[in-house]
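Notes follow once the structure below has been shown.
The values are calculated or read from the model by the stated rules, or taken from the named source; none is laboratory data. Every value quoted in this text rests on a predicted model; they were computed, and no experiment measured them. Glycine gets a Cβ as well: all are built from the backbone with ideal geometry, and neighbour counts include every protein chain shown. When the accessible area is computed, the model is the full protein with side chains, heavy atoms only, and any ligands, DNA or RNA have been set aside. Shrake-Rupley method; radii C 1.70, N 1.55, O 1.52, S 1.80 Å.
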Amino acid sequence: MSTADITPPSVTADARPARALTLPVRSIALWVVIVTFCVVPFVLVLAISFGQKIEGAAWEWAITGENYLRFFVGADWPNTTTTLYLNRLYYSLYYAVIASVIAVLTAFPFTYFLTRMSRAAQSRWLVFLLATMSLSEVFIVMGWDILLSNRSGLPMVLREIGVTQWLKDVGWFTQLREWGLANPRDVKFKTSVVATILTMSYLVWPYAVILMYPALSRLDQSMVEAARTMGAGPWTVVRTVVLPTVRMPLIGTLFLLFVFLLGSYVTITVFADPSKQTLAVSVYEAVRGSTLNAPFGAAQAIILLITGAICLWLGQVLVNRTGAKA
């Protein structure tokens, strides 16, 4: 018998209780962190949403559904009915869906070609994208505000080089006015749905690249080369080989960007028409704006959260059914 087989019973007996004690402590600490920073804030917002606004003062704790009723039918129901807040919920989903889809559609080909570059080129691009992600939404929106400014931005450039006059001559300027992209004299982007969606797409575009990069960088190039050898064209290779391989990371990226854009605030306040603003702006107006109605703001936040969760669940169900059919 070797010396390695001779283990003092006292050492083994002492090590097992210590290890068994360490695991529960880690689990308890993890659950404490989750409850403190995730569950408690949500419970507080949910409880505040059932509070009651005191006219001319703040609010008080209560159990009432008036805030949720006001969201769906208005404060003066049943005398009058309004869909103002439902309309804002619609635009929250509208902007988030379109902007996230545009970001993914444009970031996918860029990321695919990025993974085909040399390691040095990939490193430079990734460092640049990570640097842009450090910029705040305020800084990005300020840049786009200058870029799309009517006096010093893109509309001014189009006017000076003669594009605006050309659009008037060919009759397209009238169509731009109907779309809200022109005033009686010049092309304009503020305020418009186009400017809002473009800025939101740009805001999350680096995130889309970073999220899709790992999956595309691990793509087996032998499968691509085999498809090209069999005579498949570039679009056929992408459709039949690349997209099925990275389908889940692609969908996951889309979902993450959608959730991120649901709470976009600065972009909406700068570029969106007041009649087409989102629920995030309405929540801020209720909590920190002129109304100071925290319970109603909390109710709107809860409805936005539940709506986002339902959209994610429906998307997951659709993905699972599509995968099962495939």
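Numbers at a glance
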| item | result |
| --- | --- |
| Ratio of the Cα radius of gyration of segment 243-299 to 2.2 N^0.38 Å, where N counts its residues | 1.55 |
| Surface/4 estimate of mean projected area, convex hull on alpha-carbon atoms of the chain, nm² | 31.4 nm² |
| Distance between segment 261-310 and segment 214-246 - C-alpha centres, whole angstrom | 42 Å |
| Surface share of carbon and sulfur [accessible, 1.4 angstrom probe, percent] for the chain | 68 percent |
| Cα-based equivalent ellipsoid of segment 196-236: semi-axis lengths in Å, sorted from largest, via gyration tensor | 31, 14, 4 |
| Gyration tensor over alpha-carbon atoms, segment 97-190, equivalent ellipsoid semi-axes in Å | 34, 16, 14 |
| Column: log10 I(q)/I(0), Debye, Cα scatterers of segment 126-238, q = 0.23 Å⁻¹ | -1.19 |
| Sparse-neighbourhood loop sites, trypsin sites (Lys or Arg not before Pro) in segment 225-326 - DSSP loop, at most 14 other Cβ within 10 angstrom | 288 |
| The chain - accessible surface per residue (Å², probe 1.4 Å) | 61 Å² |
| Kirkwood hydrodynamic radius of segment 189-326, Cα pairs, Å | 18.0 Å |
